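The values are calculated or read from the model by the stated rules, or taken from the named source; none is laboratory data. The model shown is predicted, which means the values in this text are computed figures rather than measured ones. Cβ: placed from backbone, ideal geometry, glycine included. Neighbour counts: every protein chain shown.
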Amino acid sequence: MNKGKHFTRVCWDCGKVMENVAGNLRFCASCRRERHNQYCRDYRAHNEKPARVMWYTVWDAKTGDLLASGTSEMCARRLGYKSANSFASAVSHGLSGSHRTYKYTFARERIDRSEVDSLPPVRTIRKKPAGAPTPTSCKG
């Protein structure tokens, strides 16, 4: 049985006639592959470097002195947080009003990455997922 593939369609890109295909097929196999590859290239080019970055400013709640300003990594290092994610979580909870912040006053804004000269380059090598074997792990 041909599983309902009894349509004859014409490829929208190259005009090739495709026989015994599904009724909703628009492109032949080679054009589909080329369109997918082009989509992947465009996606990588667009997402290679983030255009914007979150910029945090932190003041002392009692005195109003400026304590830190920068990305979450920079502020977390300056204020003694364990990680950038824990700092970002504290900012998010403090700004939303779900937790009252006694120690710090936060401000958060999105700015263009090109405005900041002190940012390190974007990391291109991704971390290994949790549980992935490392070169130094014991062979058990």
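Things worth noting here:
- Each residue in segment 92-113 was checked for being farther than 19 Å from Thr63 by Cα and in a strand (DSSP E or B), and 5 pass.
- Candidates in segment 85-112 are the residues that are under 18 Å from the mean Cα position of the chain (by Cα) and among the hydrophobic types (A, V, I, L, M, F, W, C); of these, the one that is modelled with the lowest pLDDT is Ile111.
- Looking at Thr57, Thr63, Thr8, just one residue is surrounded by 14 or more Cβ atoms within 10 Å (Cβ to Cβ) and not aliphatic (A, V, I, L, M), and that residue is Thr57.
- Scanning segment 84-111 for residues that are touching a strand residue (DSSP E or B) at 6+ places or on another chain (Cβ under 8 Å), charged (D, E, K, R) and surrounded by fewer than 15 Cβ atoms within 10 Å (Cβ to Cβ) yields Lys103, Glu109, Arg110.
- Single unsatisfied condition, Gly64 versus (1) in a helix (DSSP H, G or I); (2) on the phi > 0 side of the Ramachandran plot: (1)
- Scanning segment 1-52 for residues that are in contact (Cβ under 8 Å) with a residue 24 or more places away in the chain and small (Gly, Ala, Ser) returns a single hit, Ala51.
- All strands (runs of 3 or more DSSP E) inside segment 1-60 with 1 or more residues being farther than 30 Å from Gly94 by Cα and modelled with pLDDT of 90 or more: 7-10, 17-21
- Hits in segment 67-90 (condition: of a type in the set (Lys, Arg) and part of a loop (DSSP other than H, G, I, E, B)): Lys82
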